[in-house]
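Notes for the one structure printed next.
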There are 2 protein chains.
Amino acid sequence: MPALARFLPILQWGRTYNGTLLTNDLVAAGIVTIMLIPQSLAYAMLAGLPPEVGLYASILPIVAYALFGTSRSLAVGPVAVISLMTLTAASSVAPPGSAQFIAATLVLALLSGVFLLLMGVLKLGFLANLLSHPVVSGFITASGIIIATSQLKAIFGISAAGEAMPALVTSLLGNLADTNMSTLVIGVLSTAFLFWVRKGLKPLLTRLGLPPRRADLFAKAGPIAAVAAATLAVVLLDLEERGVATVGDIPQSLPPLTVPLFDAGLWQQLAIPALLLSVIGFVESVSVAQTLAAKKRQRIDPDQELIGLGAANVAAAFSGGYPVTGGFARSVVNFDAGAETPAAGAFTAVGIAIAAVFLTPLLYALPIATLAATIIVAVVGLVDLRTPLTIWRYSRADFAAMAATIGVTLLLGVEPGVIAGVALSLALYLWRASRPHAAIVGRVPETGHFRNVKRHTVITDPRILTIRVDESLTYLNARWLEEFVLETVADHPQARHLVLMCSAVNSIDASALESLEAINHRLADAGIKAHLSEVKGPVMDRLQRSSFLDQLSGQVFLSQDEAFSNLIRRGEEDGPPQKDDLWMARGMI
Amino acid sequence: MPALARFLPILQWGRTYNGTLLTNDLVAAGIVTIMLIPQSLAYAMLAGLPPEVGLYASILPIVAYALFGTSRSLAVGPVAVISLMTLTAASSVAPPGSAQFIAATLVLALLSGVFLLLMGVLKLGFLANLLSHPVVSGFITASGIIIATSQLKAIFGISAAGEAMPALVTSLLGNLADTNMSTLVIGVLSTAFLFWVRKGLKPLLTRLGLPPRRADLFAKAGPIAAVAAATLAVVLLDLEERGVATVGDIPQSLPPLTVPLFDAGLWQQLAIPALLLSVIGFVESVSVAQTLAAKKRQRIDPDQELIGLGAANVAAAFSGGYPVTGGFARSVVNFDAGAETPAAGAFTAVGIAIAAVFLTPLLYALPIATLAATIIVAVVGLVDLRTPLTIWRYSRADFAAMAATIGVTLLLGVEPGVIAGVALSLALYLWRASRPHAAIVGRVPETGHFRNVKRHTVITDPRILTIRVDESLTYLNARWLEEFVLETVADHPQARHLVLMCSAVNSIDASALESLEAINHRLADAGIKAHLSEVKGPVMDRLQRSSFLDQLSGQVFLSQDEAFSNLIRRGEEDGPPQKDDLWMARGMI
């Protein structure tokens, strides 16, 4: 039973469900439903799909997530960045809007659902770690810029295409002469109104005496007001006659049952984009879920989240949707509206289903420029130009990864952008891991402490060379270790003992063990004994399973102090050291 | 001048060159030349190329390496594993032996030369670290098995093809009926003789009173004896009439000037194989060079080695050769023969050039089965079945990477094998890096030491939770850190202070900083203060460049002891703790 409950979190919260929770969830669902409708239409059109697909993608996926997900506040559905990635991926197969294009988006949803489920079952959620914070932040900023730019076409009432900035801007500028003035007026007014709602409405309502939380919810309902006003304007002023593009006929229907095409070639073509989509979606969703869970001291389980999101995407693939994930904006609405359990999500799904069946005729005259305005206002919030600055100050390597992600995404598109960011982050990480910090150490006078000879005034003995490596020994730094030790020894021709101080070595893998063996043998060839000191318990246990300790020409000392005293004593037995043989390291000379 | 000398090591050793060195180098070159001739022919045929290509690949590449390389003993030329990889890569373009096939091998040599040069100039030698010891060892063992199996066709005098074991074995068994008995007799006798030379000749010569080093050199000359005897047997017994395949006509010529085809499609097709070739060749060569350099307490510079090997491969591409690297067998011969400087290599090149012009007619009747025997005897030494056992005992993760490499190489071929090994090693490494060791610690009674509560009898305070992370904080474990800290706090509802003990944290990257900020804020939301202790100097310097320390709800303590005492004192000021509030951790209860 507990095992089942882990895979079906509903069994946990479902047992304690009661009337109060139901009321809160119903109220939240009502609010969220109203807000999600324009957002869902807009994102579907951003993805190059008919608007109703956005509604379909907000119904069954929410229910699937409610069954399998662990966050109590996450709202799953179409989101901006994933919509852009869907557009990019499916465009490589067929022109946006075509039947093959729609078929490709269903395959994308299915594949990314399957990838997410697989990662969840195989506990591969850690792979999302490869997306470092600077890469994700840079990617979202660049995507926001591309999305906002792409929506300008609807604001101006012109056509434009392109997945990255160069093509997009060229195409926009080339068609600027075709601008439809009525559309432009609606677009600019909608945008201006929505920006004002975002910045100015909440303070105004608070000043008018509304409690802050309610003021906030009203402000979030701004898009609904814009949608209603713009639709009325189109109808009353007969703007369709003047060339204002509207949403038009939307079928009044529950989500259709769709079966994604099984076509090996298509699957192969979409596999990498679907993988990127699922990982980006997962990272976005988990960070939203974690932020919201922490506010209530709740927990989410990232591996189970993979299963929840995977189920949601598979549900989208079979119900006429497209790839979905947990969105920041919609989840925050859900949280602020007081959703207590995933049941709120299920009620939202019912609400949107009702809208899909009964309310779509009302949307006929909704101008596309207004939907574009809601997207622009939403994604401008994603563009973050302050983080690059703080990262630049903190770490040049992280900044390089971020700059590469932003630059490549803007210039070449979303997929190359993510790949470039991940590859550069990993390369920089591996580069650093392959040459860890290490120091020659000596004893701090009258103590048992050993410190870097370059930074402290310490006592050393020319016959005893002690190297401290501040990193676990792995295959990434094994070759470096050989080079570093052998070069250091070559620089200290008087050395007769080498002590490797292992106080910071948390593990030694097979490659590093091989290097230690090589070091031991090569030093023995040169008449130098190799010793270890301060080896941690688990590392020692493992070394005892190899033949290294038998081969070691020297000893393993419990502490570095013991190693140093013991080896000095041994040197004195061989004959007292010359006076100038005992020297002080740089700090003292 | 020193900068130039770094890129042209000849300027260093060339200045001190003298008569003694010249004599030693000339003697070594004479010995090596004789030994390299059959080896070069054999490896060229293994690579699916005409035998003379092996000679050409042993002339100019040696000279190029002598100019740019840093090892004084490394002998560059055709080697077994690289020959197999060349066969595999070029076979994907055209059937072995065809003109396009030969053209493809020249492109492979050029591309891998360019990759090596690029890696050298950009100091990317560390990328070779991605090939862990278990992966390289597994790859060489599996390649040895494939090579030995593929040579059985020449021993039996039948045809067979296939790049991996399943196809190879099927094809051998299918053609076994065509076995040529005369060829089989020569093949088996040659193989048996060479195995005996390897194991039995040196002890015999030593017993007969030869000094060990000379006995060793004689034993290494065994292949020459086999070649001479087998050639004589073919001539005297007229075995060609009986269907014994021989080397046949070899053009008497210096290496021809060849210009690798510039064909974008071909280059693209061969880019990945060439990259794998160059990295495998580099790893093999560097480990040989390091082993030999250490014996004489000399140094090699891996980044400069990339340039030396790159130059050698470019030279091969323009002089009718094919991909080359520093080989173990030929380098050891060179070393044992007493080569003192890279000039020995240059003299060897002259020797082989003389052979290519004057001696090739003598090789006309050399049976291919004897060449196959020299290959089999050489590669059986590469097959190492003991290492998998020792690695299994030492580390299951390393064993998994090795087993994957061996399995995939045998079943699917050399390229998938290397890629699988590298990918699995990296995935296992990242997995471990993404969940480092961490412990809740308490104070060892009457000391200032803090240890894991699970392993030691320590004093803790329920209001003060101290977590020690034994790893640098990076983007790979940033998300884990958030989860671990927040879950641990959720498990300790009485906690009012969290201390993160940073004694093992060597660096904090931007992602981890972001996670620390998130932890700080979320804990503050829950009424818990976050503190740091034992932050290392360089880490602290960097933190001061961010706004984290200003946001931190708690303090940074120099030592954990100070943190614990200070926070306990503060708790007492708030009111004395309940008696059962101060508790002893597991070890004591």
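The values are calculated or read from the model by the stated rules, or taken from the named source; none is laboratory data. Note that the structure is a prediction, hence the values are computed from the model and not measured. Glycine gets a Cβ as well: all are built from the backbone with ideal geometry, and neighbour counts include every protein chain shown. Each accessible area value is taken on the protein alone, full model and side chains, heavy atoms only, with ligands, DNA and RNA left out. Shrake-Rupley method; radii C 1.70, N 1.55, O 1.52, S 1.80 Å.
Provide the net charge surrounding B:Met501, with neighbours chosen by a C-beta distance below 14 Å and charges set as Lys +1, Arg +1, Asp -1, Glu -1.
Working: positive: B:Arg443, B:Arg451, B:Arg468, B:Lys536; negative: B:Asp470, B:Glu471, B:Glu534, B:Asp561, B:Glu562.
Here the count lands on -1.
Coupling constants for the stretch A:480-487 follow from the phi torsions by the Karplus curve (6.51 cos²θ - 1.76 cosθ + 1.60, θ = phi - 60°), and in residue order they are 4, 4, 4, 4, 4, 5, 5, 5 Hz; glycine and proline get x. Between A:His437 and B:His437, the FRET efficiency from the beta-carbon distance, with R0 = 22 Å, is close to 0.70.
Short-range pairs are left out: with C-alpha atoms under 8 Å and at least six residues apart, the relative contact order of the stretch B:270-362 is 29 percent. Under 5 Å between amide hydrogens, built in the peptide plane, is the criterion, and for A:Leu532 it picks out A:Leu500, A:Gln555, A:Val556, A:Phe557 among residues at least 5 positions away or on other chains. Over 33 Å apart: what share of the alpha carbon pairs of chain B falls there, rounded to a whole percent? Cα-Cα pairs of chain B separated by over 33 Å account for 54 percent. Taking the centroid of alpha carbons for each part, the stretch A:498-549 and the stretch B:145-172 are 42 Å apart. A full extension of the chain between A:Met181 and A:Leu208 corresponds to an added length of 6.1 nm, given 0.36 nm per residue minus the alpha carbon distance. Take every pair of alpha-carbon atoms less than 8 Å apart whose residues are at least six positions apart; their mean separation over the length of the stretch B:1-139 yields a relative contact order of 19 percent.
Can you pull the semi-axes for the stretch B:370-425, root of five times each eigenvalue of the Cα gyration tensor, sorted largest first, whole Å?
Working: eigenvalues 119, 51, 8 Å².
Rounded to whole Å, the semi-axes are 24, 16, 6.
For the stretch A:438-581, dividing the convex hull volume of the Cα atoms by the residue count gives 108 Å³ per residue.
Across peptide B:350-361, how many C-beta atoms of other chains are within 10 Å of each residue C-beta, on average? Write out the running numbers ahead of the final one.
Details: counts 0, 0, 0, 0, 0, 0, 0, 0, 0, 0, 0, 0.
That average works out to 0.
Nearest beta carbon of chain A to the A-to-B rotation axis, with distance in whole angstrom: A:Ala504, 3. Were the residues from A:Asp303 through A:Thr23 laid out at 0.36 nm apart, the gain over their Cα-Cα distance would be 97.8 nm.
Summing Lys and Arg as +1 and Asp and Glu as -1 over all other residues whose Cβ lies under 13 Å from the Cβ of B:His437 gives a net charge of +4.
Annotation for A:Glu241, label-to-label distances across the other copies: 10.8 nm (shortest first, one decimal, point 7 Å from Cα along Cα→Cβ). Between B:Phe450 and B:Val444, the built amide H atoms are under 5 Å apart, and every one of these is 5 or more places off in sequence or on another chain. The alpha carbons of the stretch A:1-160 occupy a box of 55, 37, 34 Å along the principal axes, longest dimension given first. One Cα centroid belongs to the stretch A:316-363, the other to the stretch B:34-65; the line between them spans 70 Å. The phi torsions of the stretch A:151-168, fed into the Karplus equation with coefficients 6.51, -1.76 and 1.60 and a -60° offset, translate into couplings of 6, 4, 4, 6, 5, 8, x, 10, 9, 6, 9, x, 9, 9, 4, x, 5, 5 Hz, rounded to whole numbers, with Gly and Pro shown as x. Would you please state which residues of the stretch A:28-53 a label at A:Ala228 would reach in this model, taking the label point 7 Å out along Cα→Cβ and a backbone N cut-off of under 13 Å? Under cut-off, by backbone N: A:34-35. Sorted shortest first, the separations between the B:Ala524 label point and its copies elsewhere in the assembly read 5.8 nm; each point sits 7 Å from Cα along the Cα-to-Cβ line. Among B:Arg213, B:Arg432, B:Arg468, B:Arg386, the sequence by solvent-accessible area, most first, with a 1.4 Å probe is B:Arg386, B:Arg213, B:Arg432, B:Arg468. The angle between the Cα long axis of helix B:99-121 and the longest principal axis of the Cα atoms of chain B comes to about 40 degrees, rounded to the nearest 10. The lysines within cross-link reach of A:Lys153, meaning a Cα-to-Cα straight distance under 29 Å and a gap of 8 or more places when in the same chain, are A:Lys199, A:Lys220. For chain B, the relative contact order is 22 percent, taking Cα pairs closer than 8 Å that sit 6 or more residues apart in sequence and dividing their mean separation by the residue count. Rounded to the nearest 20 debye, the dipole size of the stretch B:486-529 about its Cα centre is 220 debye, using +1 on the Cβ of Lys and Arg and -1 on the Cβ of Asp and Glu.
Shape class of the stretch A:312-404 from the Cα gyration tensor (axes a ≥ b ≥ c, square roots of the eigenvalues): prolate, since a/c reaches 1.5 or more and a/b is larger than b/c. A simple packing score, the average count of other Cβ atoms within 10 Å per residue, orders the peptides A:358-364, B:93-99, B:360-366 as B:360-366, A:358-364, B:93-99, with the highest score first. Residue-wise HN-Hα couplings along the stretch B:340-347, as the Karplus relation 6.51 cos²θ - 1.76 cosθ + 1.60 with θ = phi - 60° gives them from phi, are 9, 9, x, 4, 4, x, 4, 5 Hz; Gly and Pro carry x.
Can you give the Rg to Rh ratio of the protein assembly as shown, both from alpha-carbon atoms, with Rh computed by the Kirkwood formula? Provide the component values of the computation, followed by the final result.
Values: Rg = 35.4 Å, Rh = 34.2 Å.
Computed over Cα atoms, the ratio is 1.03.
Only beta bridges with both residues in chain A are counted; by DSSP, about 50 percent of them are antiparallel.
Going 7 Å from Cα along the Cα-Cβ axis for the label, what nanometre distances separate A:Leu21 from the same residue across the other copies? Once sorted, the set of distances for A:Leu21 reads 8.4 nm. Could you tell me the center-to-center distance, by alpha carbons, between the stretch A:233-263 and the stretch A:289-310 in angstrom? So the two Cα centres are separated by 35 Å. Compared with the dominant principal axis of the Cα atoms in chain B, helix B:264-295 is inclined by about 80°.
Counting only protein heavy atoms and using a 1.4 Å probe, the accessible area of B:Trp431 comes to about 100 Å². Using a simple spin-label model with pseudo-atoms 7 Å out from Cα toward Cβ, A:Phe195 and B:Arg569 lie 5.5 nm apart. A simple count of charges around B:Ser171, restricted to other residues whose Cβ falls under 12 Å of its Cβ and scoring Lys, Arg +1 and Asp, Glu -1, yields -1.
Counting only protein heavy atoms and using a 1.4 Å probe, the accessible area of B:Cys502 comes to about 10 Å². Straight-line cross-link reach from A:Lys536 at under 12 Å between alpha-carbon atoms covers these aspartates and glutamates, not counting any fewer than eight positions away in the same chain: B:Asp470.
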